[in-house]
Structures are given as C-alpha cells and as structure tokens.
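**Q** The structure under discussion is supplied below as structure tokens; questions concerning it will follow.
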Amino acid sequence: MTEKTNFCVIGGDARGIFMAESLIKDGHNVKIYGYSQKKTGAKITPKKDIDLALDNSDFIILPVPVTRDGKTLNAPLFDSKIDLDDEFRKKLETKNIFCGGSGTLHNIGEKWKNLCLMDYSSREDFAILNAVPTAEGAIQIAMQECEGTIDSGNFLVVGFGRIGKILSKKLKNLGGKVSVSARSALDFAWIQTLGYEPLETNNLPEFLDYDVIFNTVPHRIFDRYNLLKCCEGVKIIDLASSPGGVDSDTADFLDIKVISATGLPGKFSPKTAGEIIKKTIYKMIKEEGLWKKSK
Ligand code: NAP
C-alpha cells in the first residue's frame with residue numbers, strides 16, 4: 001500500500017506516460033510536463049507551464065537518461081526544449097527527485113550535485129527487471145532482421161551479465177541454438193550447466209558463423225580482429241550502451257550489418273518498462289521512509 005502523493009513526471013519517452021497513468025490508477029495526483037499531447041495520445045493533459053506542474057509536487061520523476069546532450073532534458077515527445085540551465089535547476093532545488101543516469105546531470109556542473117537526486121537506474125533490482133524488456137526487444141529486432149525463425153537459428157550472446165543471462169534463456173526457450181561468451185570461471189560453469197555452448201569473450205573462435213551475434217559487453221569486443229572472424233551474412237545486434245561494443249566503421253567496410261539497439265525497453269515495451277520504473281520508485285520511497293515525510 002502507498003499513501004496518496006503528488007507526483008510530477010517531467011520529460012522522457014512513452015514510459016513516462018504509462019508510468020503517470022499507472023500512478024493515477026494507484027490513486028496518486030499526477031501532473032506531467034515536457035510532453036506534447038498530440039505526440040503522446042495520453043489521457044492525461046500535459047501542463048503548459050513548468051511552475052504549474054511543479055507546484056505542490058512531493059516527488060519529481062525525471063527520465064532515464066535525464067539528458068542525452070548534457071544541455072537539455074531528454075524529452076523526445078515534447079515539441080519544445082527544456083534547457084538544463086540555472087533557472088531549471090533552481091526550480092528543483094527543494095524537491096525530492098527521482099531520475100535515471102544521474103551522472104549525466106552531475107557532469108553538467110558542481111551545482112547539479114547539490115540536488116536531492118535519487119537514481120532508480122543505478123539499482124541492481126531495476127537493472128535485472130529492465131533486462132527482460134531489453135532481451136525481448138533484442139529478439140524482436142532479430143526476428144525483423146532474419147529470414148529464418150528463432151527456432152532454427154544459431155546465435156551467439158556475448159557477455160553473461162543481466163541481459164546476457166535473460167537473452168540466452170529466452171533464445172533457447174524459443175528453440176534456438178545458443179552459444180554464450182563470458183570471462184569468469186563461475187560464468188563458464190553456469191553457461192555449461194544451462195546447456196549453452198561456452199566461449200571466451202576475450203578469445204572468440206576464428207570463425208563466427210551465426211545468424212545473429214548479440215553483444216551485451218560495454219567494451220570494444222568487435223574490433224577489426226574479431227570482425228574479420230565474422231562469416232558472411234552474420235548480423236550483429238549491439239545492445240551495449242554508447243559507444244557500444246562494435247567498431248562500426250570497420251564493420252561497414254567489411255559489409256557486416258550492425259544494428260545499434262539501445263533504449264529497447266522504452267521503444268518496445270514502454271508499458272512494462274514504465275511499470276518497472278514506478279515500482280522501483282515506490283521501493284525507494286519506502287526504503288527512505290519518504291511516504292510520511294512528504295505528507
Ligand atoms: P552487466 O550485467 O554488467 O553485464 C555486462 C557483461 O559484460 C558481463 O558479462 C561482464 O563480464 C562483461 N564485460 C564487461 N566488460 C568486459 C570486458 N572488458 N571484457 C569482457 N567482458 C566484459 O550489464 P547488463 O545489465 O547486462 O547490460 C549490458 C549493457 O547493455 C550495458 O552497457 C547496459 O548499459 C546496456 N543496456 C542496454 C539496454 C538496451 O536497451 N540496449 C538496456 C539496458 C542496459 P563480468 O561479469 O565478468 O564483468
């Protein structure tokens with residue numbers, strides 16, 4: 001059970017809209033800003049004025065990542081821009097703020113570090129739950145890109161972290177042949193026990209003959225050396241956050257198709273992904289004892 005609270009959701013993609021609607025269903029008062037009604041089709045009407053949106057709000061929810069360019073708030077569904085300037089920062093100064101990728105705000109300058117920022121995306125529970133829509137989105141892209149079924153496909157998942165674990169399981173459950181690469185003895189033991197073909201990420205075989213290689217390692221694994229190992233027709237879906245794990249210029253030169261697939265939860269499963277953010281924020285409010293303090 002949560003106590004009735006005033007939330008203000010500012011910016012973000014469709015996840016923010018689904019989250020706002022879900023907060024309302026839970027009985028909270030919710031205002032949204034940084035969305036254009038015609039782009040969202042939301043039932044809730046965005047406020048035209050940020051001061052009206054912030055007024056009386058106990059909690060502000062900013063998107064993940066808060067900013068992509070370090071200058072404006074990440075608000076792809078807004079016709080205008082929200083500058084991350086001193087004026088905007090001052091409006092947030094006395095508020096409890098939830099956001100994703102808080103480092104992108106901290107990088108703007110020292111003053112931004114004084115805000116009360118609580119980062120939901122840095123939590124392990126959030127990252128694990130978020131790996132499910134990410135893995136499903138990756139499989140959806142593979143289905144669009146490949147002529148064959150997943151059931152008859154041969155896949156390599158590079159990296160056995162949160163996304164690697166969930167993705168390999170889902171591919172196998174759909175009948176695909178799955179190889180998984182890692183670098184620790186513990187991961188090799190799990191990979192073998194779970195019935196995948198184990199490979200070493202830092203010593204991939206000479207011939208990478210797969211329908212799709214999914215990269216989850218946030219490190220340049222697919223440099224020229226490893227790209228030259230890719231057999232004809234291999235497609236690489238790069239899930240790692242920017243700058244990704246593939247030397248795309250060399251891949252282009254070698255005619256290897258690379259799909260840079262970031263932000264999949266927001267693109268393919270915004271409803272579930274918005275719910276994951278909301279539930280993570282509820283947990284954080286409870287852990288910090290903020291339900292009562294906000295009254
Ligand atoms: P994770 O749990 O940390 O897994 C990362 C994997 O990469 C681990 O297996 C790790 O091995 C391995 N690794 C890291 N550095 C390596 C190196 N130098 N050489 C070899 N292996 C290395 O991360 P995750 O949650 O699965 O996320 C993976 C990436 O996807 C991140 O960049 C994350 O930001 C991004 N992401 C993408 C989306 C999307 O929509 N595409 C959504 C969420 C997250 P060890 O365990 O041995 O360190």
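**Q** Tell me, which residue of the range 228-243 that is out of contact with any Phe, Trp or Tyr (no Cβ under 9 Å at 6 or more places or on another chain) and over 15 Å from Lys165 (Cα atoms) is modelled with the lowest pLDDT?
**A** Out of the qualifying residues, it is Ser242.
**Q** Another question, then. Of all the residues that make up the range 127-155, how many are crowded, with 19+ Cβ neighbours inside 10 Å, within 11 Å of the ligand (Cβ to nearest atom) and over 16 Å from Trp190 (Cβ atoms)?
**A** Here the count works out to 9.
**Q** For the range 156-183, name all the residues that are within 16 Å of the ligand (Cβ to nearest atom) and over 16 Å from Pro218 (Cβ atoms).
**A** Leu156, Ile166, Ser168, Lys169, Lys170, Leu171, Val178, Ser179, Val180
**Q** I would also like to ask the following. Look through the range 257-272, keep the residues that are among the aliphatic types (A, V, I, L, M) and more than 8 Å from the ligand (Cβ to nearest atom), and return whichever of them is farthest from the chain's Cα centre (by Cα).
**A** If we take residues in the range 257-272 being among the aliphatic types (A, V, I, L, M) and more than 8 Å from the ligand (Cβ to nearest atom), then Val258 is farthest from the chain's Cα centre (by Cα).
Residues are listed down the side, and each one gets a yes or a no for (1) buried (at least 21 other Cβ atoms within 10 Å of the Cβ); (2) within 12 Å of the ligand (Cβ to nearest atom); (3) assigned by TED's automatic domain parsing to the domain that holds Phe160; (4) hydrophobic (A, V, I, L, M, F, W, C):
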site: Arg220; (1), (2), (3), (4): no, yes, yes, no
site: Lys229; (1), (2), (3), (4): no, no, yes, no
site: Ala240; (1), (2), (3), (4): yes, yes, yes, yes
site: Gly245; (1), (2), (3), (4): yes, yes, yes, no
site: Asp255; (1), (2), (3), (4): no, no, yes, no
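**Q** Looking only at the range 192-199, decide whether some residue is within 11 Å of the ligand (Cβ to nearest atom), surrounded by 22 or more Cβ atoms within 10 Å (Cβ to Cβ) and free of Cβ contacts under 8 Å to residues at least 60 places away in the same chain.
**A** No, that holds for no residue.
**Q** To continue, here is another question. Go through the residues of the range 86-104 one by one and say whether even a single one is near the ligand (Cβ under 10 Å from one of its atoms) and surrounded by fewer than 19 Cβ atoms within 10 Å (Cβ to Cβ).
**A** Taking every residue of the range 86-104 in turn, none turns out to be near the ligand (Cβ under 10 Å from one of its atoms) and surrounded by fewer than 19 Cβ atoms within 10 Å (Cβ to Cβ).
**Q** When you scan the range 103-149, how many residues do you find that are under 20 Å from Ser242 (Cα atoms), at pLDDT 95 or above and outside any helix (DSSP H, G or I)?
**A** So the answer is 2.
The values are calculated or read from the model by the stated rules, or taken from the named source; none is laboratory data. The model shown is predicted, which means the values in this text are computed figures rather than measured ones. Note that we place each Cβ from the backbone using ideal geometry, even for glycine, and neighbour counts take in every protein chain shown.
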